[in-house]
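Read the figures in this text as sums done on the coordinates, not as results from a lab. Source: prediction; values computed, not measured. Quick reminder, even Gly has a Cβ in these numbers, built from the backbone with ideal geometry, and neighbours come from all protein chains shown.
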Amino acid sequence: MPIPPEVTGEEIDPDVRQELMSLPKGLAEDVSRNLVMVAQLIDEDPEKAYGYSRVALRLASRVAAVREAAGFAAYATQKYSEALAEFRAARRMSGGVELWPVMADCERGLGRPERALAMAGEPEVQKLDKAGQVEMRLVAAGARRDMGQLDAAIVTLQSPELASGAVHPWTARLRYAYADALLAAGREQEARDWFGKALEADKDGATDASDRLAELDGIEFVDAFDDSDDDSGEETDGGGDVALDREDRDKG
């Protein structure tokens with residue numbers, strides 16, 4: 001697969017570069033450039049990222065970082081069986097536990113939430129850092145919801161991390177998951193409060209908490225240039241998307 005000439009491979013994480021030093025110099029450069037492409041594309045074009053990960057895997061399948069990157073690329077394209085196999089391989093090579101939560105989430109993706117829950121109770125969880133433990137809690141709550149255990153999912157998310165007013169990289173997602181579970185349980189006002197708290201912590205737009213709040217408040221976004229608006233007689237200010245109160249619109 002073609003790689004833009006401006007991608008040199010030097011952009012990769014220093015720890016990954018250190019792992020690649022076991023390879024011949026030219027090969028290490030080729031692998032690192034493919035890994036850079038995986039990192040750059042995995043969010044916006046996961047299928048392309050997956051393609052680059054397969055190239056890196058063919059070149060250096062005995063490098064843990066390559067197996068991990070291949071796992072995340074497969075995970076992003078919902079190839080959960082393949083992702084789980086790659087994560088297991090990376091874990092065997094590195095001996096770390098960092099991938100434990102995403103491995104459990106792969107079990108969910110494969111329709112095996114009970115296995116994800118079992119992993120949430122394994123000793124490996126205690127070896128995770130705080131971010132990893134929160135991630136494991138999110139996965140466990142998702143597994144409970146997969147199994148129809150909504151109240152248990154809510155309880156699973158209740159934790160000192162949820163109650164804390166401190167904001168960490170995982171705070172918005174934890175609050176959002178709690179709000180979503182509350183809403184699914186019919187606890188709408190509590191859900192609204194927690195979507196608001198999620199939005200306060202979401203500095204990078206990692207969630208759609210603002211949209212969920214708008215939905216709960218009866219706000220609907222419509223395309224100002226939709227031809228159907230002309231037929232209805234409604235006017236807009238010509239500024240793209242226009243927020244309309246649902247009750248007012250229905251009265252119109």
Quiz item: Using 7 Å Cα-to-Cβ label points, what is the Met21/Ala85 separation (nm, one decimal)?
Solution: 3.2 nm
Exercise. Express in whole angstrom the spacing between the alpha-carbon centres of the range 60-124 and the range 162-223.
Key: 28 Å
Exercise. Take the Cα of Ser164, step 7 Å along the line toward its Cβ, and report every residue of the range 198-218 whose backbone nitrogen sits under 15 Å from that point.
Key: 201
Quiz item: Once the Cα atoms of helix 64-76 and of the chain are each reduced to a long axis, what angle between those two axes, in degrees from 0 to 90 to the nearest 10, is obtained?
Solution: 30 degrees
Quiz item: Can you give the Rg to Rh ratio of the chain, both from alpha-carbon atoms, with Rh computed by the Kirkwood formula?
Solution: 1.06
Exercise. Taking just the C-alpha trace of the range 1-82, give me its Rg and Dmax in Å.
Key: 11.6, 34
Practice problem: Mind checking the full-extension length gain between Asp45 and Ala184? Use 0.36 nm per residue of separation minus the Cα-Cα distance, one decimal, nm. | Solution: 47.0 nm
Practice problem: For the chain, find the longest principal axis of its Cα atoms and tell me its angle to the long axis of helix 25-41, 0 to 90°, nearest 10. | Solution: 10 degrees
Exercise. Taking only the C-alpha atoms, wrap a convex hull around the range 87-184 and report its volume per residue in Å³ as a whole number.
Key: 95 Å³
